[in-house]
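Okay, structure first, notes after.
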Amino acid sequence: MTEVTIWLAFLAGIVSFLSPCIFPLVPAYLAQLTGTNVVDNQISAERKLILSRSIGFVIGFTSIFLLLGASSTFIGQAFWGNRQLFEQIGGIIIAVFGLQMMGIISIRMLISEKKLHVKPKKTTSFANSVLLGFLFGTGWSPCIGLVLTSILLLAGREETMWAGMFMLFIYSIGLGIPFILVALLWSRSLDKVRRLNKWLPAIQKVSGGIMVVLGILLFTGQFAVISAYLARFVPFSI
């Protein structure tokens, strides 16, 4: 795994957090995690409680993403003899997902939600915040699903299962860190972060364009070439 793929995984996590189906719903997640409500434009809970329950939530979805990374790499290893074909198929899929995010195409199968219909009771239990994160990771919405599936396809290219799991761990960090930071800011005033909502569609389109380029590079075999070239200018690789 090169530093290029590490940064791609991290940025993919941030993009997932900024998706229209995650970022605007942060107050709802916080209310669910802390067992409180939004009162006077604030989350009526102490910062210590918000921080601990947010960490539990991140631990929950990280655990399921690590399992997905392990299984994705295992499947990729099974097709290692046909690696070029595997990468070309993955490149096509990632490019299609990118076009979907840009709004150029619309495939209903990719738009329909795929999530578990489980509504845990509001609670201040740390264990329940982990469970809620696990359920979130298991039944993600379409916005995060497009980006996550692309990262899973990249993880399938790795030679070892640990490398694939590490890529998904970095993805989880990219998704988890901004969630915790915004949770602490949003707990004091929803208006502090709400102004970013208007930029979400543009962020999605730019991210979709990057995915299209990534898909083309994978299909043509140039992604490995570029990664190897850039690896010469970084101090380490994994």
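The values are calculated or read from the model by the stated rules, or taken from the named source; none is laboratory data. It should be emphasised that the depicted structure is a prediction, and the values quoted were computed from it without experimental measurement. Ideal geometry is used to build each Cβ from the backbone, glycine not excepted, and the neighbour counts take in all protein chains shown. Remember, those area values only see protein heavy atoms, side chains included, never the ligands or the DNA or RNA. Shrake-Rupley method; radii C 1.70, N 1.55, O 1.52, S 1.80 Å.
Identify all residues within the stretch 30-52 that are open to solvent by 40 Å² or more (accessible area, probe 1.4 Å), modelled with pLDDT under 80 and within 21 Å of the chain's Cα centre (by Cα); write none if there are none.
Of everything in the stretch 30-52, just one residue is open to solvent by 40 Å² or more (accessible area, probe 1.4 Å), modelled with pLDDT under 80 and within 21 Å of the chain's Cα centre (by Cα), namely GLN32.
Go through the stretch 158-172 residue by residue and tally those that are in contact with a helix residue (DSSP H, G or I) (Cβ under 6 Å, 6 or more places away or on another chain) and of a type in the set (Asp, Glu).
The number of residues fulfilling the criteria is 1.
Have a look at GLN84, GLN100 and point out the one that is in contact with a helix residue (DSSP H, G or I) (Cβ under 9 Å, 6 or more places away or on another chain) and either open to solvent by 20 Å² or more (accessible area, probe 1.4 Å) or assigned to a helix (DSSP H, G or I) (or both). Walk me through it before giving the result.
Details: GLN84 fails: in contact with a helix residue (DSSP H, G or I) (Cβ under 9 Å, 6 or more places away or on another chain).
Going through GLN84, GLN100 in turn, the sole match is GLN100.
Residue by residue through the stretch 60-81, note down the ones that are surrounded by fewer than 22 Cβ atoms within 10 Å (Cβ to Cβ) and either of a type in the set (Ser, Thr, Tyr) or not in a helix (DSSP H, G or I) (or both).
THR62, SER63, SER71, PHE79
Please specify each residue of the stretch 169-188 satisfying the condition of being modelled with pLDDT under 85 and polar (S, T, N, Q).
SER187
For the stretch 189-238, what are the residues that are outside any helix (DSSP H, G or I) and modelled with pLDDT of 65 or more? It would help to see each step written out before you state the result.
Quick first cut of the stretch 189-238, residues outside any helix (DSSP H, G or I) only: 189-190, 221, 234-238.
Within the stretch 189-238, just GLY221 meets the criteria.
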